[in-house]
Amino acid sequence: MRGRRVVWAAFVLAAGAGAAWVALGGGPWRQPVRAPAIQVAAAYREFTDTLGRRETLSDVLARAGLTGSSYASFLASAGRLDARRLRPGLVFHFRRPLTDSSVDRLMVRLGPERRLWYARTDSGWSEREEAIPWTPERLRVVGRISSNLYAALDSAIPDSFLPAGERQALAWAIADVYDWEVDFTRDVRAGDRFEVLFDRLVSPDGERRFGRIDAARVDVAGAPAYAYYFTADADGDAAGYYDDQGRSLKRSFLRAPLQFRRISSRFGGRVHPILHTYRKHQGVDFSADYGTPVRATADGIVTRAGRDGGYGNLIELRHVNGIRTRYGHLSAFARGLKLGDRVGQGETIGYVGSTGLSTGPHLHYEFLINGRPTNPQRTAAGAGAPVPAGLRAAFDSVRTRLARQLEPTQRTPATSVD
C-alpha cells in the first residue's frame, strides 16, 4: 500500500469475475493479453506479419507468398477488406502448407468487434466475417482526491490492476461524463470523494478493453454530483448521462475547450507577460502541452480561421443567441477546416501552440455575447433537459439499480457488485 500520499482507493471485482488483477483496455484494438490457442497440424506452418508504416497490403501479402495472379485473385474475393484504408500496425495471421510456397488461410483483425477470415479454394478465395463477442465485467473504483483526479487514480491504483495508460483512459472517461458539470482543475477540493461504476469488456481470446462508465458520484467541494447512464432501447432513445433527478448532464456549452488543463491566466485585469502593460485580459488561458487537441465548446459555424495579430493562429466560431467563441495561439488547425464549416460540440478544431504574442504553449479562449467579452467560467451553460415523461419510469428503475451497485454499503446490505 502506498502510504506516502494522502490518496486511497478500493476496488471491487464483479461477482464471479475472479480474484486476479487484470488490465483494462481502451481505444484501438490491441494485441491479446494472452495468445489464443492455435491448433497447428503437422502439415502446416502458421505465422504472423504486421503492416508497417508506408507499406501497402501488397507488401504484407508478398512476404507471405501472395504475388501476381495469386494476389489479384485474393483482392477479387476480399470485398470487405479495403486495401486503401488499412492502418499501420495491423496484424495478419497466415497458414501455409509445408508443401506449398503460398498461404491457404488468412485472418485479419480490423477492430475490436470483427475479424475477417479467408480460405483458398479451387475457384479463388472465400471470405467470412466474424463478429467478436465481448463479455462485460462490472468494476467499482472508490477514492479520495488529494490534488487532482488523475493523480488520485495514478497514485492509488496498482499497475497490476490498471496499467498507467488505462488509468489515464479511466480519468478521461470520468472527465467526459462530467464535461458540462465539473471543471476538475478548479471545482474539486482535496478530500473530495469519487465512486465510479464501469464495465470492462473481455473477449474470448482474453483481450480486455474499457467499456463504459455506468454510474458515478463525484463530490464537488463536498457536494455529491451523480451521473447515471440511461438509454431507453436499442435505438438509443434518450441515451446519455443524467443526474439523480433525471436531468441531462449535457449543456449547450462545455466548461472548457480542453479536457485536462491548468488555468494559467484568468479573465480580468493583468500585466501582459510580453508587453508588460496593465490591460484587461478578455479571455481565459489554459496551459497545455504543445499539440493538445482543442475542442469546440458548442455547435457552431467557423467565421475565422487564420493568422490574426497577437492571437497568432485563431479560430472563431459563431453559435446561437449571439454568442461567439475564439481559440488563439494555435499551432495548427484541424485538417480540412475552413470558413463556413459547421462543427459539433466536442469536435477537434485545432491544436495548442504558441503563435502570436505568447510566452509558451497554451490556449487563449474567449467567450463573447453580442460582441462583448464575458468570463466563460461565470457564464451559465443552460439547464439540462429532463428525461422525457414517457421514459421516466424506465429511468427511475435504471437509476435505482445502478445506485445500489455504485454505493452498496449505503443503499443495500449487498457486499458485492452484481
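Taken together, R324, R399 contain a single residue that is part of a helix (DSSP H, G or I), at pLDDT 90 or above and among the charged types (D, E, K, R), which is R399.
Against the condition surrounded by 11 or more Cβ atoms within 10 Å (Cβ to Cβ), among the charged types (D, E, K, R) and modelled with pLDDT under 90, how does R411 come out, does it pass? So R411 fits the description; yes. Of all residues in region 46-71, those satisfying the criterion of being touching a Ser or Thr at 6+ places or on another chain (Cβ under 7 Å) and not in a loop (DSSP other than H, G, I, E, B) are S70, Y71.
Rundown of residues vs (1) at pLDDT below 90; (2) of a type in the set (F, W, Y); (3) farther than 18 Å from V182 by Cα, yes/no style:
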{"position": "Y242", "(1), (2), (3)": "no, yes, no"}
{"position": "F286", "(1), (2), (3)": "yes, yes, no"}
{"position": "G309", "(1), (2), (3)": "yes, no, yes"}
{"position": "A332", "(1), (2), (3)": "no, no, yes"}
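Screening region 72-150 for strands (runs of 3 or more DSSP E) wholly inside it with 2 or more residues that are surrounded by 18 or more Cβ atoms within 10 Å (Cβ to Cβ) returns the ranges 91-97, 105-109, 114-121, 135-144.
Restricting attention to region 153-178, report how many residues are at pLDDT below 80 and within 16 Å of V220 (Cβ to Cβ). Within region 153-178, residues that are at pLDDT below 80 and within 16 Å of V220 (Cβ to Cβ) number 0.
The single residue among S126, S70, S101 that is among the polar types (S, T, N, Q), in contact (Cβ under 8 Å) with a residue 12 or more places away in the chain and touching a strand residue (DSSP E or B) at 6+ places or on another chain (Cβ under 6 Å) turns out to be S126. Considering (1) crowded, with 16+ Cβ neighbours inside 10 Å; (2) of a type in the set (D, E); (3) within 17 Å of the chain's Cα centre (by Cα), the lone condition that D176 does not fulfil carries the number (1). In the set (1) assigned by TED's automatic domain parsing to the domain that holds T50; (2) within 31 Å of the chain's Cα centre (by Cα), T99 fails one condition alone, (2).
Residues that are of a type outside the set (A, V, I, L, M, F, W, C) and part of a helix (DSSP H, G or I) were ranked within region 151-166; the one that is farthest from D104 (Cα to Cα) is S155. When residues in region 322-340 are screened for being of a type outside the set (A, V, I, L, M, F, W, C), more than 24 Å from W172 (Cβ to Cβ) and surrounded by fewer than 16 Cβ atoms within 10 Å (Cβ to Cβ), 4 of them pass. With respect to A296, determine if the residue is closer than 19 Å to L254 by Cβ, surrounded by 16 or more Cβ atoms within 10 Å (Cβ to Cβ) and in contact with a strand residue (DSSP E or B) (Cβ under 8 Å, 6 or more places away or on another chain). So A296 passes the test.
The values are calculated or read from the model by the stated rules, or taken from the named source; none is laboratory data. On a predicted model such as this, the values are computed, not experimentally measured, just so you know. Here the Cβ is made from the backbone with ideal geometry for all residues, glycine too, and neighbour counts use every protein chain on show.
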